[in-house]
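To start, the structure itself, in C-alpha cells.
The values are calculated or read from the model by the stated rules, or taken from the named source; none is laboratory data. Keep in mind the model is a prediction, meaning the values are calculated, not measured. Note that we place each Cβ from the backbone using ideal geometry, even for glycine, and neighbour counts take in every protein chain shown. We work out accessible area using only protein heavy atoms, side chains counted, and drop any ligands, DNA or RNA first. Shrake-Rupley method; radii C 1.70, N 1.55, O 1.52, S 1.80 Å.
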Amino acid sequence: MQQKEITVTNKLGLHARPSALLVKTANNFRSELHIIMDDVEVNGKSIMGVMTLAAARGSRLVLQADGVDEDYLLEEIAKLFESNFSED
Amino acid sequence: MQKLQGVGVSLGIAVGRAKVLNRQPLQVASRSIDASDVSSELVRFRSALEHIGNDISRLLDSFSFGKNERDILDTHRLILQDPELIKSVERMVRDDLICLEHAVSRHFQKAAKLFDEMEDDYMAQRIADYREINQRLLRHLQGNEQKIELDTDTILVVDEIPVSLLMKLSRDKLRGIVTDKGSRTSHAAIVARSLGLPVVVGLRDVITEVEDNAHCILDGQSGQLIINPDSHTSDVYEQLLSNQEQHREDLLKLVEQETATADGTRIHLRLNIELPEEMDHVLHLSEDGVGLFRTEFLFMDRSSLPTEEEQYIIYREVAEKLLPAPLVIRTVDIGGDKLSNLLNIEPEKNPALGCRGIRLSLEHPDLFRTQIMAILRAAVTGNIRVMLPLISCVEQVQRSRKLIRTCEQELAQRGREFRRNVPLGVMIETPAAAMISSVLATECDFFSIGTNDLIQYTLAVDRASDTVADQFDPYHPAVLHLITLTVQNARKHNLPVSICGEMAAESDFIPFLIGLGLHDLSVSPGIYLTAKENIMRVQSSDIVDLVLDVLDAECSAEVKQRIRDWHKASRKSR
C-alpha cells in the first residue's frame, strides 16, 4: 500500500466536476483508492463518497492506494490536484 | 372543447394526440424475499445497471451536447457505476433479504441524507442527479420505464423539457410540446425553436388537465392548447396546418439554392446561434456560417464562471464545424441581474440601461480576458471574428482593443498558440453608436447592426412590457435613418457591415435593407428559410426608388404604406 498527503488548492474544492474527474481517473486503474479527511474515509472510486466528503479548498487529504498499479494511480491523482483540476 | 393559455415560445401549429409523461416519483413497497431468490435479484440488478448505462452512452454518442449536459450525463454514469452503490445494494439483498427495489431506494435515501447535511448549497442540489438515477432504476425494475415510443402525430405533455429528452425523441412523430413549467429562454425552448417544433410553456397543471390520448391542437403563435376541439375549430386548424406544411415543403427546396436576389446579386445570409447544441440541426441551412454566436449560455445556470479551457473547446468545436465559413462570436451580452450570483454584484433597478454588454465586460476585466483569450486561441484553427455588444462610445472600443493586446501578450508568455489581429467588430445597437459610426469605423474591422436593441434604445420601448410593446416599431423613421447612417459611414470607410435581428428576415424590410447596400444578413435558424425566400424575390432594379421613398416618409404609417405600395407594384410587374 502507498499513501500520499495532499492539500486541496483549487478554488471550489472537490465540487461536482473535480469529483467526477477524480473518480473517472481512479477508475482507469486496478488498485483501490481510499481518501481520508479528518476521520472520514471514503472510497475514491465512489462518486457519492467523494462528493459527500465535501473537501473545501485548504482541506488536507490522505490518499491511500492499494494494488498492482498503486504508484501510477497515486501519481495521476496527485497530478489532478496539482493542476487544480484544470480549473485555471 | 377546452382552451388552456400558456406562452408560445416556438411558433407553428401542431395537431395530434396528447402523450402525457407524468414523471411523478415512484413509490416502492417493501417486500421480503427468500434466500433462494437472492441470485436472481442480483442478476436483475446488474442487468438494470447495464441497461441504463448503455442508454446514457448511446445518448452521449448520438448528439453533440454542450459541456454542461455532457457533464451531467457523465455524472449519471458515474453514479450508476459507483462501487459503493453496488456493494450496499447487494449486501442488503443478500443479508437483509429485501427486494431489489427496496434496497435501491434505501441506498438512495441514505445518499439524500448525506447531501441534505452539506453546507454548500450548490452541492446539496446535486442530489437531483441521484434522485433521477434512483427513479430511472426503479422505473426500469418495475417494468414501467418510460419508453418514449411515440405514436404518429404526438403532442407531448410534460412537466418540463430536459434537453436530453428532447434530443431522444423521434423527430418524425413528435409534432409539438406543451409544458407545465419552463420559459422562453430555457435551453430546451431554444433547441425546439431551431428545430421548428411548436412549443407552449407555462401551462400550469397541464399534466393533470389533459388526458392521455386526448385530441389536441397546439398553437405556438397564440400560446394556446385546445383540448378536444369542436369540428369547426378542427377544420380551421386543419387548413392552417396544411398551409403550414405546404409552406415548409416549399421552403425546404430553397436549402439547395444559392442565396441571391432574383437578378443574381449574391447575399450572405448567416445564422444567429444561441447554443452549441443547435449546430447539428442547423448547419445544413447555410454555407455562409454564423453571423452571431451568442455566448450568454456559458454563464447561465451554473455556480462558477466558465474557464478559458472550457470556452476554448466550445469555440473551436463550433468554428471547425463551420469552416471555411466564419464564426462571429459576440462577447457576453448579459446584464448584472443575470450574473449576480457569479460576480457578487447587486441587482440594478433598470438592467437594460445598467451594467450590461461591453460595460459589464470592461467592469469585470478577468471575465472579459478569459473570454478573449479563449477566442484568440480558438481562432488558430477557426475562421473566427469577435464582436462587442452595446457599444455607445469610442473609448469602449479603444479599451477593448488594449485589453485584447494584453491578452495576446499573456498568451505569448504562456507559450499558447493563438491568432493575432482577430477581426474586431462593433455592434451598432444604440442610437449613440449609429450617430458616431464614422468615428467607430476608424477603430474597428466591421459593424453589425443589431436591430432588436437598436429599436428598443432608439424608441425607449421595452418589447417585453405589456403596455408599450405595441410601440416597439421597426417602421419608425428614426430607426430606419440610424440604420441608413450606419451603412453610409461604413461605406465611406470601406468597412464591412452586416445586420442581425428580426428585421433582417422580414419581407417588409429585406428589399429596403438590400437596397441600402446591406448584403450580409444574419437571422435565427427558425426564420432562416423565410428570410431566404424573401431575399430571392427581390429585384435589384426595383429597390432604388423604394429606399428613397421610405427614407422620405414622415411617420411609421407612411413607411408601412410605401412598402406595401412597392410590394403591390413589384408583384404586378413580375
Taking the condition of being within 20 Å of B:Arg385 (Cβ to Cβ) and crowded, with 16+ Cβ neighbours inside 10 Å, how many residues in the range B:430-451 meet it?
13
Test A:Ser86 against the stated conditions and say whether it is within 13 Å of chain B (Cβ to nearest Cβ), among the small types (Gly, Ala, Ser) and open to solvent by 20 Å² or more (accessible area, probe 1.4 Å).
yes
Please pick out the residue among B:Ala14, B:Ala48 that is at pLDDT 85 or above, under 23 Å from B:Thr179 (Cα atoms) and among the small types (Gly, Ala, Ser).
B:Ala14
Could you check, for the range B:353-363, whether at least one of its residues is at pLDDT 90 or above, β-branched (Val, Ile, Thr) and either open to solvent by 30 Å² or more (accessible area, probe 1.4 Å) or under 22 Å from B:Glu410 (Cα atoms) (or both)?
yes
Among the candidates A:Gln64, A:Gln2, single out the residue that is of a type outside the set (A, V, I, L, M), more than 21 Å from B:Ser88 (Cα to Cα), touching a His at 6+ places or on another chain (Cβ under 8 Å) and away from chain B (no Cβ under 13 Å).
A:Gln64
Counting only strands (runs of 3 or more DSSP E) entirely within the range B:252-347, those with at least 2 residues that are within 27 Å of B:Leu360 (Cα to Cα) and outside the structural domain of B:Leu367 (by TED's automatic domain parsing) are none
Cβ-Cβ distance below 6 Å, separation of 6 or more or different chains: which pairs start in the range B:490-516 with a residue that is assigned by TED's automatic domain parsing to the domain that holds B:Pro423 and end on one that is open to solvent by 20 Å² or more (accessible area, probe 1.4 Å) and of a type in the set (Asp, Glu)?
B:Ser498/B:Asp520
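Residue-wise test of (1) among the hydrophobic types (A, V, I, L, M, F, W, C); (2) over 28 Å from B:Tyr312 (Cβ atoms).
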{"site": "A:Leu14", "(1), (2)": "yes, no"}
{"site": "A:Leu22", "(1), (2)": "yes, no"}
{"site": "A:Ser31", "(1), (2)": "no, yes"}
{"site": "A:Gly44", "(1), (2)": "no, yes"}
{"site": "A:Thr52", "(1), (2)": "no, yes"}
{"site": "A:Gly58", "(1), (2)": "no, yes"}
{"site": "A:Val62", "(1), (2)": "yes, yes"}
{"site": "A:Tyr72", "(1), (2)": "no, yes"}
{"site": "A:Ile77", "(1), (2)": "yes, no"}
Scan (1) in contact with an Asp or Glu (Cβ under 8 Å, 6 or more places away or on another chain); (2) under 16 Å from B:Leu362 (Cβ atoms); (3) of a type outside the set (Gly, Ala, Ser); (4) open to solvent by 10 Å² or more (accessible area, probe 1.4 Å) for the single condition B:Glu395 breaks and write down its number.
(1)
Go through (1) within 14 Å of chain B (Cβ to nearest Cβ); (2) assigned to a helix (DSSP H, G or I) and name the single condition A:Ile77 misses.
(1)
Hits in the range B:537-551 (condition: at pLDDT below 95 and either open to solvent by 20 Å² or more (accessible area, probe 1.4 Å) or in contact with a strand residue (DSSP E or B) (Cβ under 7 Å, 6 or more places away or on another chain) (or both)):
B:Arg537, B:Gln539, B:Ser540, B:Ser541, B:Asp542, B:Val544, B:Asp545, B:Leu548, B:Asp549
Taking first residues from the range B:436-450 that are β-branched (Val, Ile, Thr) and second residues anywhere that are open to solvent by 10 Å² or more (accessible area, probe 1.4 Å), the pairs with Cβ under 6 Å that are 6 or more apart or on different chains are B:Val439/B:Val394
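For the range B:40-132, which fully contained helices (runs of 4 or more DSSP H) count at least 3 residues that are more than 9 Å from every other protein chain (Cβ to nearest Cβ) and either in contact (Cβ under 8 Å) with a residue 24 or more places away in the chain or closer than 18 Å to A:Ser46 by Cα (or both)?
Values: elements: B:67-81, B:83-96, B:100-116, B:121-124.
In the range B:40-132, the matching helices (runs of 4 or more DSSP H) lie at B:67-81, B:83-96, B:100-116.
Taking the stated definitions as given, is B:Leu480 over 23 Å from the mean Cα position of the chain (by Cα), modelled with pLDDT of 95 or more, open to solvent by 10 Å² or more (accessible area, probe 1.4 Å) and more than 26 Å from B:Leu251 (Cα to Cα)?
No, not satisfied.
Is one or more of the residues making up the range B:491-500 in a loop (DSSP other than H, G, I, E, B), at pLDDT 90 or above and touching a strand residue (DSSP E or B) at 6+ places or on another chain (Cβ under 9 Å)?
Of the range B:491-500, the ones in a loop (DSSP other than H, G, I, E, B) are B:493-496.
Adding the requirement that they be at pLDDT 90 or above leaves B:493-496.
Filter once more, keeping what is touching a strand residue (DSSP E or B) at 6+ places or on another chain (Cβ under 9 Å): B:495-496.
Looking for residues that are in a loop (DSSP other than H, G, I, E, B), at pLDDT 90 or above and touching a strand residue (DSSP E or B) at 6+ places or on another chain (Cβ under 9 Å), one finds at least one in the range B:491-500, hence yes.
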Considering (1) within 13 Å of chain B (Cβ to nearest Cβ); (2) more than 23 Å from B:Ile72 (Cα to Cα); (3) among the charged types (D, E, K, R), say which one A:Lys45 fails and leave the rest.
(2)
When you go through B:Ile227, B:Ile217 one by one, which is the residue that is surrounded by 21 or more Cβ atoms within 10 Å (Cβ to Cβ) and over 30 Å from B:Leu322 (Cα atoms)?
B:Ile217
Pairing a residue in the range B:393-411 that is part of a helix (DSSP H, G or I) with any residue that is among the β-branched types (Val, Ile, Thr) and surrounded by fewer than 16 Cβ atoms within 10 Å (Cβ to Cβ), where Cβ atoms lie under 7 Å and the two sit 6 or more apart in sequence or on different chains, gives B:Val394/B:Val439
Among the candidates B:Val201, B:Val255, residue that is closer than 30 Å to B:Ala531 by Cα, among the hydrophobic types (A, V, I, L, M, F, W, C), open to solvent by 20 Å² or more (accessible area, probe 1.4 Å) and at pLDDT below 95:
B:Val255
Kindly provide the set of residues from the range B:280-311 that are more than 14 Å from the chain's Cα centre (by Cα) and free of Cβ contacts under 8 Å to residues at least 60 places away in the same chain, ordered by number.
B:Leu283, B:His284, B:Glu287, B:Asp288, B:Ser304
